[in-house]
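To start, the structure itself, in structure tokens.
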């Protein structure tokens, strides 16, 4: 059986060293809300998730955000107000720069 032809247009992707820098710049204020290194790491992880959700098709974003929030609640059962976290994630998703040429 022959190889299947795939015709996907490749997108320009920034160098790997630029991508983390762009994520940190996009969410610097959010990340800096953390008072400890552990908290800042947690905010960075959430910012990365927001970035990844933001590159999805717009119709898929709400579902993926809800899945993430459900996982967040299971991992953090002591957190009673997930609405603030959801709001922060929505702002980050909306804020992600689209002009960077990434995904």
From the C-alpha gyration tensor of the range 18-95, pull out the three semi-axes of the equivalent ellipsoid (sqrt of 5λ each), sorted largest to smallest, in whole Å. 18, 18, 10
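Give the peptides 70-77, 42-49 in descending order of average Cβ contacts within 10 Å, highest first. Could you put the intermediate results ahead of the total?
Values: 70-77: 10.8, 42-49: 17.0.
Result, highest mean Cβ count within 10 Å first: 42-49, 70-77.
So for 82, 23, fewest C-beta neighbours within 10 Å to most, what's the order?
On the way: 82 14, 23 19.
Ascending Cβ contact count within 10 Å gives the list 82, 23.
Taking the Cβ-Cβ separation of residue 59 and residue 81 as r and a Förster radius of 25 Å, what is the calculated FRET efficiency to the nearest 0.05? Kindly include the intermediate steps, with their values, before the conclusion.
Numbers: r = 28 Å, r/R0 = 1.11.
Calculated transfer efficiency: 0.35.
Values in this text are rule-based calculations from the coordinates and carry no lab data. Nothing here was measured: the structure is a model prediction, and the numbers come from that model. Cβ coordinates were reconstructed from backbone atoms using ideal geometry, including for glycine residues, and neighbour counts include every protein chain displayed.
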